[in-house]
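The values are calculated or read from the model by the stated rules, or taken from the named source; none is laboratory data. The shown structure was predicted, so the numbers you read here are calculated from the model rather than taken from an experiment. Heads up, the Cβs are rebuilt from the backbone with ideal geometry, glycines too, and the neighbour counts pull from every protein chain shown.
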Amino acid sequence: MNLLGIHHIAIICSDYERSKNFYTKILGLKIVNEAFRESRNSYKLDLSMNDGTQIELFSFSNAPTRPSRPEAQGLRHLAFKVSNIEDCVLRLVQQNVEVEPIRMDEFTGKKFTFFSDPDGLPLELYEI
């Protein structure tokens, strides 16, 4: 098997418009396609990052909540590569997003921090 990278990450949100705003306006992801699927009464929003990685944002009514903290099993967090973590943190704070203090990865010496999306999904900024 020769895995070439991550194609997309799928996220189910509780409030479609709020999450759409967060991922497009605050995080700056580009909309590739948006569709309403009547058979599922659900939106599917395809978002793209500069490297081509995509996030699929879904709205499913009555989707169960998933525990994310403290350290629940399953997907731990989603990490975004950034070139200047301080600039990214400043932009998030200006948009009233709570961001943890910037820390240093003890193994790589790189800076990182965490914040959450509107549903509490842990997101990380990792400076490359």
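Quick notes on this one:
- Taking the stretch 35-75 as the range and being over 18 Å from HIS8 (Cα atoms) and part of a strand (DSSP E or B) as the test, the residues that pass are PHE36, ARG37, SER42.
- The stretch 92-128: number of residues that are of a type in the set (D, E, K, R), without any contact (Cβ under 8 Å) to a residue 60 or more places away in the chain and under 13 Å from ILE26 (Cα atoms): 1
- Scoring TYR23 on the criteria (1) in a helix (DSSP H, G or I); (2) within 24 Å of ILE6 (Cα to Cα); (3) in contact with a helix residue (DSSP H, G or I) (Cβ under 9 Å, 6 or more places away or on another chain) leaves a single failure, condition (3).
- Matching residues in the stretch 76-90 - criterion: being free of Cβ contacts under 8 Å to residues at least 60 places away in the same chain and outside any loop (DSSP other than H, G, I, E, B): ALA79, PHE80, LYS81, VAL82, ILE85, GLU86, ASP87, CYS88, VAL89, LEU90
- Scan of the stretch 102-122 for residues that are in a strand (DSSP E or B) and either of a type outside the set (A, V, I, L, M) or modelled with pLDDT under 95 (or both), ordered by number: ARG103, LYS111, PHE112, THR113, PHE114, PHE115, SER116, PRO122
- Tabulated pairs, the stretch 14-27, first under 19 Å from LEU125 (Cα atoms), second assigned to a helix (DSSP H, G or I), C-beta under 9 angstrom, 6+ apart or interchain: ILE26/ARG91; ILE26/LEU92; LEU27/LEU92
- Those residues of the stretch 35-91 which are modelled with pLDDT of 90 or more, not assigned by TED's automatic domain parsing to the domain that holds ILE9 and not aliphatic (A, V, I, L, M), in sequence order: HIS77, PHE80, LYS81, SER83, ASN84, GLU86, ASP87, CYS88, ARG91
- Residue tally, condition under 25 Å from VAL93 (Cα atoms) and surrounded by 15 or more Cβ atoms within 10 Å (Cβ to Cβ), over the stretch 15-44: 9
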